[in-house]
Amino acid sequence: MAQIAFIDVTVTVMYGGIQTTVWRLANALARAGHEIAMFGGEGNIKPANLHPAIAVHTFPFRPREKVLDIGSRFQRIVERASHARHARLAFAEGNYDWAILTKPFDFYWPWILPKDCKTKFCFMSGGTDFYAGDRVLSKKIDAWVAASQFNAWQIHARYKRWPKVIFNGVETGKFAPGVRDESLRARLGVAPDTTLFAFAGRLVGWKGMGVALKALAEPAMRDANAKLLIIGDGPHKPELKQLARSLGLTGRVLFHDPVPHDALPALYGAVDAGVFPSIGDEAFGITIAEAMSCGKPVIASHIGGIPEVVGNEETCGLLVPPGDSTTLAQAMRRLADDTALRTRLGAAAHTRIEQLYTWDMSAQRLLAALGLKNDATRVP
């Protein structure tokens, strides 16, 4: 039995793609027979179905919003360093075989531990948060993992290391197709004949939701019987609400508070298609995969690792150029007007995720990358 720790201050304090990845992968590794520890910030967010072999440790930290704003990377480094200051001794006492880091901001961890600490470190990349000095700190990283082929090239370009590509997974039993929930649609104020598009995720600028709002106001969508449900929170939310008002979209855009990850399938059950208009390099796009697993066709940006999730053949969804509200509007109108197309793409989307992207697959690939087998013995 191997002891594996995940270190990420955010996993217990917010919802998002990285946080979902960490919790679900931890559950899969625990099911494979390993002892898992989670080192997060002081908070109470954790999945309802947490495996009993996962120990959760939380420590004080200074939130990035309370750090002097001389750049977001500086704020996040200070946030994580403040967490490490409180957590490092407890971590060292755990004598873990492996520790998983999800951001380069945590590359200093191997450098601040006692010299007799034998823990090896794996960087499981969820993006490209590079900064000055990270190449030097990366010299003590023992294993490298990327979330997509695109992400692997990013890591190699920065650190001159070739990572193992391990795609994220989806809980396909939970995120599964079902009959559209008309009662939930009614509570949301959506009529049966209205096409409901949805986005779920952190509301930050690079997610491109401003582009989605502008698309809804484009001529192609102006008279469409369609609404957009935005599920989530983040620093960009007030700006998005103001943009919706200025574009005359009141009543057509529904802002929904973030929900626990376990509650997302119910919301997806009420929608007709997903919209994910990222304008920044997504390493993977886990919320896209989850919507697809629910049998929903998706419209997403042709950027980063997203085409590896959606496919590039218009069999599971439609890809559009990032930042192009006109083309996005045309794609939205195409799905809004064609129920048969939505049904065909949605069914193919579910099959693609079920066959290629499950957490048990991800866990087995990670164990191999760490030199571990499913039975918790080291690979000879």
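Of note:
- Relative contact order [Cα under 8 Å, 6+ residues apart], the range 245-367, whole percent: 23
- Amide H to amide H, with H built 1.01 Å from N, PHE121 comes under 5 Å of ALA99, ASP142, ALA143, counting only residues 5 or more places away or on other chains.
- Listed residue (VAL275, ILE353, GLY17) projecting farthest to the positive dipole end of the chain, Cβ model: GLY17
- Positive-end ranking of THR315, PRO297, ALA30 along the dipole of the chain, with charges on Cβ about the Cα centre, is headed by ALA30.
- Between helix 72-94 and the chain there is an angle of about 50 degrees, using the helix long axis and the longest principal axis of the Cα atoms.
- Protection-proxy order for peptides 243-251, 37-45, each taking the mean of Cβ atoms within 10 Å per residue, highest first: 37-45, 243-251
- Each peptide in 92-99, 148-155 receives the mean, over its residues, of other Cβ atoms within 10 Å, and ordering these scores from highest gives 148-155, 92-99.
- Summed side-chain charge close to PHE121 - residues other than PHE121 whose Cβ falls under 12 Å, Lys, Arg +1, Asp, Glu -1: +1
- Using alpha-carbon coordinates, inclination of helix 149-159 to the longest axis of the chain, degrees: 40
- Calculated FRET efficiency, LYS115 to ALA266, Cβ-Cβ distance, R0 = 56 Å: about 0.65 to the nearest 0.05.
- Ordering VAL145, VAL170 by the number of other Cβ atoms within 10 Å of each residue's own Cβ, fewest first, gives VAL145, VAL170.
- For the chain, the mean residue ellipticity at 222 nm estimated from helices alone is -11000 deg cm²/dmol, where every DSSP H run of n ≥ 4 contributes -39500 (n - 2.57) and the total is divided by all residues, rounded to the nearest 500.
- Mean separation of Cα contacts under 8 Å, 6 or more apart, over the residue count of the chain: relative contact order %: 16
- Overall shape: rounded for the range 182-356, with the ratio a/c of the largest to smallest alpha carbon gyration tensor axis below 1.5.
- Computed about the Cα centre, the dipole magnitude for the range 204-302 is approximately 380 debye when only Lys and Arg (+1) and Asp and Glu (-1) carry charge, each at its Cβ.
- At R0 = 41 Å, FRET efficiency that the Cβ-Cβ distance of THR339 and LYS140 yields, to 0.05: 0.15
- Neighbour-count order for ASP116, ASP69, ASP324, ASP338, fewest beta carbons within 10 angstrom listed first: ASP116, ASP69, ASP338, ASP324
- Each residue of the range 277-291 was assigned a 3J(HN,Hα) from its phi angle through the Karplus expression (A = 6.51, B = -1.76, C = 1.60, θ = phi - 60°), giving x, 4, 10, x, 6, 6, 6, 9, x, 5, 5, 5, 4, 5, 4 Hz with x at Gly and Pro.
- Dipole axis of the chain (+1 Lys, Arg; -1 Asp, Glu on Cβ), positive-most option in ALA329, LEU367, GLY178: LEU367
- Relative to the longest principal axis of the Cα atoms of the chain, helix 339-356 runs at roughly 10 degrees.
- Dipole magnitude for the chain: computed about the Cα centre from +1 point charges on Lys and Arg Cβ and -1 point charges on Asp and Glu Cβ, it is near 820 debye.
Each value in this text was obtained by applying a stated rule to the coordinates, not by laboratory testing. Only a predicted model underlies this, so the values are computations on that prediction, with no experimental measurement involved. Glycine also receives a Cβ, built like all others from the backbone with ideal geometry; neighbour counts cover every protein chain displayed.
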